[in-house]
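Some notes on the structure that comes next.
The values are calculated or read from the model by the stated rules, or taken from the named source; none is laboratory data. Predicted model only: the values in this text are computed from it and were never measured. Here the Cβ positions follow ideal geometry from the backbone for every residue, glycine too, while neighbour counts run over all protein chains shown.
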Amino acid sequence: MRYLLLCLYFVWLTSAHKYSTRVVRTKYGPLRGILIQTPPVEAYLGVPYATPPLGSLRYMPPVTPSTWRTPRSADTYSAVCPQKLPDIGNRTEALLKLPRGRLVFLEKLLPLLNNQSEDCLYLNLYVPRPENSMDDIGSMLPALILIHGESFEWNSGNPYDGSILASYGHVIVVTINFRLGILGFLKTGARGSAQGNFGLMDIIAALHWLRENLQVFGGDPDRITLMGHGTGASLANFIAVSPVAKELLHRVILMSGSGLSPWAIQRDPLAVKRKVAEQTGCHGDLVEDDIAPCLRSKSLEELLDVRLEPLRFLPGFAPFIDGAVIASSVVTSVSLSDVGILSGNKDGPGYELADFPDRDLLFCLTSTESYLDLSAQDLEFGFNESRRDRILRTFVRNSYYFHLNEIFSTLKNEYTDWERPVLSALNYRDATLEVLSDGHTV
């Protein structure tokens, strides 16, 4: 088994000049993109892969897009899906929760997410120019599909410009916008395919679109790799083992997360549904009634104002077992033998990983995956044993079901450097980061 390190860099789109590309005729209509000089890459931005989920299509699975006849200009990013962004307006308060580097990153990212609309089911393609490809003329390029991370409730594929990777990696790079938060991961009904997980369904719809149209861009639909980071990695993992997406992808890259991470799934979707019903006035039998019709009558602002206040280390709106996209067996005994998984992960709390394929594994992890869980002050100066214990007790209480005291004691024992007679504040910080990193991701 080989262990490799993948380093991928995405940069913001900064090309000052736009030149039109060739016209590409998709199944749904012709497209004309822009040419990026990086060496040359054709960018097709804001390409619709589904009908806008507006009105009666809110809280419904994605619908095939309409066709068009005249060439459509694909030179501008679409709006991002509706989302409630993190509040970092007060830097002093933000630094009580976030590292300084994280705050600087968010200050650059969040302004790119202000243009929001429910009409958001679009993807972006970055295609190497044929003369720029190392492949033989007429051969088809592999495709790399990026599922963005950060949160199940905010972010977008738009900020991640794939032109550099497409140009030098000789691969078609695709980024996707999909429904998030209360619109994408709320359990609205009790049974049937339309009960929720619409964000996952959107990604699957985008993969269907690529399966149908990748060849006209010079791509090989039989060489599709799905890559995700953080929450995006868990979504990619769920899709890779979903019974409804078997023929749509062939390899998966999971970075800093998986479907087995304790934050990857909402354990009690009915409790989330209850909180949404209470705050929106959509009452009824939470087990049997579908609240989607009521939610369709609410304004977008009313929906985005819903607050869940999840426990620390656990998600609010997140994917859940629905028996369709995520079958119960996916998280109880994940079998990945049919898909080449380029990943490394271990058992997550409450789940079991079985039948992992005998393949090369690509460990896409950092040395400190839990860096974002501590404040700027904690990271800079460390903390004492008492604070370490409080953090670990909270993590154990919220992440595990049984034997909590035994787990807490074991973590303290295994992650304490017993060769040091006296531990400093930085030693306690480092040990805590290691526990949280292993518990969250590895």
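Six or more apart or on different chains, Cβ under 7 Å: which pairs go from a residue in the stretch 281-301 that's in the same structural domain as P61 (by TED's automatic domain parsing) and touching a residue at least 24 places away in the same chain (Cβ under 8 Å) to one that's of a type in the set (K, R) and not in a loop (DSSP other than H, G, I, E, B)? Could you list them?
What qualifies is I291/K273.
Tell me yes or no: at least one residue of the stretch 125-146 is within 28 Å of L314 (Cα to Cα) and in contact (Cβ under 8 Å) with a residue 60 or more places away in the chain.
There is at least one residue in the stretch 125-146 that is within 28 Å of L314 (Cα to Cα) and in contact (Cβ under 8 Å) with a residue 60 or more places away in the chain.
Anything in the stretch 383-405 that is of a type outside the set (F, W, Y), within 28 Å of the chain's Cα centre (by Cα) and closer than 21 Å to A425 by Cα? List them, or say none.
I391, L392, R393, T394
Please go through the stretch 383-442 and pick out each residue that is over 19 Å from L260 (Cβ atoms), β-branched (V, I, T) and assigned to a loop (DSSP other than H, G, I, E, B).
T416, V422
Which of the residues spanning the stretch 58-94 are assigned to a loop (DSSP other than H, G, I, E, B) and among the charged types (D, E, K, R)?
Correct list: R58, R69, K84, D87.
Are any of the residues in the stretch 212-220 in the same structural domain as P130 (by TED's automatic domain parsing) and either among the aromatic types (F, W, Y) or over 17 Å from A143 (Cβ atoms) (or both)?
Yes, some residue in the stretch 212-220 is in the same structural domain as P130 (by TED's automatic domain parsing) and either among the aromatic types (F, W, Y) or over 17 Å from A143 (Cβ atoms) (or both).
With the requirement that a residue be among the hydrophobic types (A, V, I, L, M, F, W, C), surrounded by fewer than 21 Cβ atoms within 10 Å (Cβ to Cβ) and farther than 18 Å from G199 by Cβ, what does the stretch 58-84 give you?
Scanning the stretch 58-84 gives a single hit, W68.
Give me the pairs: first residue in the stretch 233-256 and β-branched (V, I, T), second residue surrounded by fewer than 20 Cβ atoms within 10 Å (Cβ to Cβ) and in a helix (DSSP H, G or I), beta-carbon distance under 6 Å, and six or more apart or on different chains, which are they?
Correct list of pairs: empty, since none qualify.
Considering only the stretch 84-113, how many residues are within 27 Å of D202 (Cα to Cα) and touching a residue at least 12 places away in the same chain (Cβ under 8 Å)?
Within the stretch 84-113, residues that are within 27 Å of D202 (Cα to Cα) and touching a residue at least 12 places away in the same chain (Cβ under 8 Å) number 8.
Can you tell me which condition D75 does not meet? The list is (1) closer than 16 Å to N158 by Cα; (2) at pLDDT below 90; (3) charged (D, E, K, R), and all the others hold.
Exception for D75: condition (2).
Just to be sure I understand, how many residues within the stretch 39-57 are assigned to a loop (DSSP other than H, G, I, E, B) and surrounded by fewer than 20 Cβ atoms within 10 Å (Cβ to Cβ)?
Counting residues in the stretch 39-57 that are assigned to a loop (DSSP other than H, G, I, E, B) and surrounded by fewer than 20 Cβ atoms within 10 Å (Cβ to Cβ) gives 5.
Would you pick out the residues in the stretch 103-126 that are surrounded by fewer than 16 Cβ atoms within 10 Å (Cβ to Cβ), under 18 Å from the mean Cα position of the chain (by Cα) and assigned to a loop (DSSP other than H, G, I, E, B)?
Those that are surrounded by fewer than 16 Cβ atoms within 10 Å (Cβ to Cβ), under 18 Å from the mean Cα position of the chain (by Cα) and assigned to a loop (DSSP other than H, G, I, E, B): none in the stretch 103-126.
Applying the selection to the stretch 222-241, what residues are surrounded by fewer than 22 Cβ atoms within 10 Å (Cβ to Cβ) and of a type in the set (S, T, Y)?
T225
Among the residues that make up the stretch 87-100, is at least one of them of a type outside the set (K, R), within 18 Å of the chain's Cα centre (by Cα) and surrounded by 13 or more Cβ atoms within 10 Å (Cβ to Cβ)?
The answer is no, given that none of the residues of the stretch 87-100 is of a type outside the set (K, R), within 18 Å of the chain's Cα centre (by Cα) and surrounded by 13 or more Cβ atoms within 10 Å (Cβ to Cβ).
With the structure loaded, tell me whether E278 is out of contact with any helix residue (DSSP H, G or I) (no Cβ under 6 Å at 6 or more places or on another chain) and at pLDDT below 90 or whether it fails that test.
Against the criterion (out of contact with any helix residue (DSSP H, G or I) (no Cβ under 6 Å at 6 or more places or on another chain) and at pLDDT below 90), E278 does not qualify.
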